[in-house]
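The values are calculated or read from the model by the stated rules, or taken from the named source; none is laboratory data. Because the structure is a prediction, the values reported are computed rather than measured. All Cβ positions, glycine included, derive from the backbone under ideal geometry; neighbour counts span all protein chains shown. Calculation scope for accessible area: heavy atoms of the full protein, side chains included, ligands and nucleic acids excluded. Shrake-Rupley method; radii C 1.70, N 1.55, O 1.52, S 1.80 Å.
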Amino acid sequence: MTTPVEPDPAALLALAVAAAREAADLVSRGREGAGEHVATKSSPVDVVTAVDAASEELLVRRLLDARPDDGVLGEEGAARAGTSGVRWIIDPIDGTTNFLYDIPSYGVSIAAEVHGSVRAGVVLNPATGELFTATTGGGAWLSAPGRPERRLRVGTPPSLDRTLVATGFGYRSEERRAQGRVVAELLPQVRDIRRFGSAALDLCALAAGRVDAYYELGLNAWDLAAGALIAAEAGAVVSGLRGAPVGEPMTMAVAPSVAEPFLALVTDLHP
Ligand code: IPD
């Protein structure tokens, strides 16, 4: 009996980067008329544009053309069980509200999961050209137009009160009321709060040392799969609440120097 060959994370990453670049071009071209075809999903403020759907369609086509036996999970409905052990987790535009308002903080996010573990991830911001990538054990990297590629390391904040924290909010008002109460308690205990509007890019910002910590309740797999690997490969402690897996239902990622007090604080605020 032959042992099946595990796919090489670097090869999966190369395919994801090529697909993300194509999707990012499509997303950039669609920005101008983005407001013309908008529908809503879980609430009146949870928007989806025709460009989200077109980007997802392109990504699924490119990935499955190259690897027809893989599975897929996408924010806009792509769901396919594969037979190869590889599943692509896709967010065709993470930060759709920013995309709609032309705020340059949204990303195409693709993760390659192999037998249930994410092994490669890419987040590409079409508005800035910043490309964040990681493979398990291969580190996290940022390349940007006109700048040399660089390896990412999380920051080293000295204490909780000097920790810059990114977070985000869900789309339903009840959820937001509860999240608002948590932020109100957290804010006086940290350096400050940032709300950029894309969970995938928040995790990449942490990897790049642009914030020191990130937490958000109720993300979906496509929001966090690639970004969580990028943050972890940059040295972040990535965790769920009380030993639960990341994203079920809490995602926390933080620089190791303040991991203990930060994780304790967020856990304490979420009884
Ligand atoms: C959203 C963004 C946002 C986060 C929300 C996500 P979408 O993703 O990542 O930052 O706060 O929880 O749903 O809807 O723009 O793909």
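What the table below lists for this structure:
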read-out: The listed residue being part of a loop (DSSP other than H, G, I, E, B), closer than 25 Å to Pro249 by Cα and small (Gly, Ala, Ser), out of Gly197, Gly129, Gly227; value: Gly197
read-out: Residue tally, condition more than 14 Å from Glu233 (Cβ to Cβ), in contact (Cβ under 8 Å) with a residue 24 or more places away in the chain and among the aliphatic types (A, V, I, L, M), over segment 122-144; value: 3
read-out: Residue match in segment 72-84 (condition: more than 30 Å from Thr40 (Cβ to Cβ), open to solvent by less than 10 Å² (accessible area, probe 1.4 Å) and among the β-branched types (Val, Ile, Thr)); value: no
read-out: Unique residue being in contact (Cβ under 8 Å) with a residue 40 or more places away in the chain, more than 14 Å from the ligand (Cβ to nearest atom) and in a loop (DSSP other than H, G, I, E, B) when the list is Arg153, Arg119; value: Arg153
read-out: Residue count for segment 209-228, restricted to those that are open to solvent by 20 Å² or more (accessible area, probe 1.4 Å), more than 10 Å from the ligand (Cβ to nearest atom) and not charged (D, E, K, R); value: 2
read-out: Subset of segment 167-194 that is of a type in the set (Lys, Arg) and touching a helix residue (DSSP H, G or I) at 6+ places or on another chain (Cβ under 9 Å) - its residue that is least open to solvent (accessible area, probe 1.4 Å); value: Arg194
read-out: Test for Asp46: is it on the phi < 0 side of the Ramachandran plot and within 14 Å of the ligand (Cβ to nearest atom); value: yes
read-out: Residue identified as at pLDDT 95 or above, basic (Lys, Arg) and assigned by TED's automatic domain parsing to the domain that holds Gly82 among Arg119, Arg210, Arg147; value: Arg119
read-out: Hits in segment 60-104 - residues which are out of contact with any helix residue (DSSP H, G or I) (no Cβ under 7 Å at 6 or more places or on another chain), in contact (Cβ under 8 Å) with a residue 40 or more places away in the chain and at positive phi; value: Gly85, Asp102
read-out: The one condition in (1) modelled with pLDDT under 95; (2) within 27 Å of Pro9 (Cα to Cα) that Ala234 fails to fulfil; value: (1)
read-out: Residues (within 22 Å of Leu131 (Cα to Cα), open to solvent by less than 20 Å² (accessible area, probe 1.4 Å) and away from the ligand (no atom under 16 Å from the Cβ)) located in segment 236-271; value: Ala236, Val254, Ala255
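Condition check ((1) of a type outside the set (D, E, K, R); (2) more than 21 Å from Thr135 (Cβ to Cβ); (3) within 14 Å of the ligand (Cβ to nearest atom); (4) not assigned by TED's automatic domain parsing to the domain that holds Ser173) across all residues:
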position	(1), (2), (3), (4)
Arg21	no, no, no, yes
Leu26	yes, yes, no, yes
Ala50	yes, yes, no, yes
Ala53	yes, yes, yes, yes
Gly71	yes, no, no, yes
Asn98	yes, yes, yes, yes
Ile103	yes, yes, yes, yes
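Listed here are the residues, each with its yes/no results for (1) among the polar types (S, T, N, Q); (2) surrounded by fewer than 20 Cβ atoms within 10 Å (Cβ to Cβ); (3) modelled with pLDDT under 95.
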{"site": "Ala10", "(1), (2), (3)": "no, yes, no"}
{"site": "Ala16", "(1), (2), (3)": "no, no, no"}
{"site": "Ala19", "(1), (2), (3)": "no, no, no"}
{"site": "Leu26", "(1), (2), (3)": "no, yes, no"}
{"site": "Gly33", "(1), (2), (3)": "no, yes, yes"}
{"site": "Pro44", "(1), (2), (3)": "no, yes, yes"}
{"site": "Glu57", "(1), (2), (3)": "no, yes, no"}
{"site": "Pro68", "(1), (2), (3)": "no, yes, no"}
{"site": "Gly107", "(1), (2), (3)": "no, no, no"}
